[in-house]
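The values are calculated or read from the model by the stated rules, or taken from the named source; none is laboratory data. Here the structure is a predicted model, which means the values were calculated and not measured. Cβ: placed from backbone, ideal geometry, glycine included. Neighbour counts: every protein chain shown.
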Amino acid sequence: MANDGMLLDWQPTPPPTDLIFDDGEPLETNRHRIAMNVLIRSVQQALSDRSDFFAGGNMVVYYSLEQAINHDFRGPDFFVALEVEGDRERQGWVVWQEQGHYPDVIVELLSPSTAAVDRGVKKDLYERVFKTADYFIFDPFDPDSLAGWHLVGRAYHPLQPNERGWLWCETLGLWLGLWEGAIDREPPSGSCFWLRFYDQNQNLVLLPEEAAQQQLEQERQRAEQERQRAERLAARLRELGEEPDRI
């Protein structure tokens, strides 16, 4: 009976409410920061027809009471969670506030100080605890560094690149591949390689500003085609002895 009384008196420890959402470790370089924002803006564009997702970067993910108490910060450089509330503001990703939902896709941007952890400790964490379906790593300063894994059962299996060296992200139905150029004035001169999303037909998923520029160019081309058509019509009318202004 004494044991029964002890069981009745036991109460689960409530989750902490004083969570810290800044681990004090910014992304290492400006290129890393832009690379993260490119992935966020790109996936938002790719998934613009749905509202049940969240894309974030450099945010703390809280997944256990022990981790929260020990301030053991784990913040993926980029992640996507599907089938969640997409219009709710978040300072970080708190699993017990997300109905137990972990990130579905994670990308870590490697640097000399983080590469070993991203390939080891974090990969094991995402595989065994998060059970994140697709995990990728990429060094923005090394175009040959792209690698990825897909969760099969309880274990990560390496993804095999296509003929372009791109990797298929099954969860998003998108390719991850390299794109060469300058973004947000980085690098200051020349170009470099960025990790970008491509659709199933291997078309680049445009950033919002790129899509707007493409629309302007299409409108300019239509206007030019209309001008040329009008000039051809005027020339034909002159051949027939008509004055175009009178038609």
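Observations
- Among all residues of the stretch 144-155, there is none that is modelled with pLDDT under 95, in contact with an Asp or Glu (Cβ under 7 Å, 6 or more places away or on another chain) and in the same structural domain as Y63 (by TED's automatic domain parsing).
- Figure legend. Inter-residue proximity from the stretch 80-105: first residues not assigned by TED's automatic domain parsing to the domain that holds M36, second residues part of a loop (DSSP other than H, G, I, E, B), beta-carbon distance below 7 Å, spacing 6+ or different chains. No pairs are indicated.
- Filtered by the rule that a residue be charged (D, E, K, R) and touching an Asp or Glu at 6+ places or on another chain (Cβ under 7 Å), the stretch 105-133 gives E108, D118, K122.
- Scanning the stretch 148-177 for residues that are buried (at least 16 other Cβ atoms within 10 Å of the Cβ), without any contact (Cβ under 8 Å) to a residue 40 or more places away in the chain and of a type in the set (A, V, I, L, M) yields a count of 3.
- Some residue of the stretch 207-218 being crowded, with 16+ Cβ neighbours inside 10 Å, in a strand (DSSP E or B) and not aromatic (F, W, Y): no
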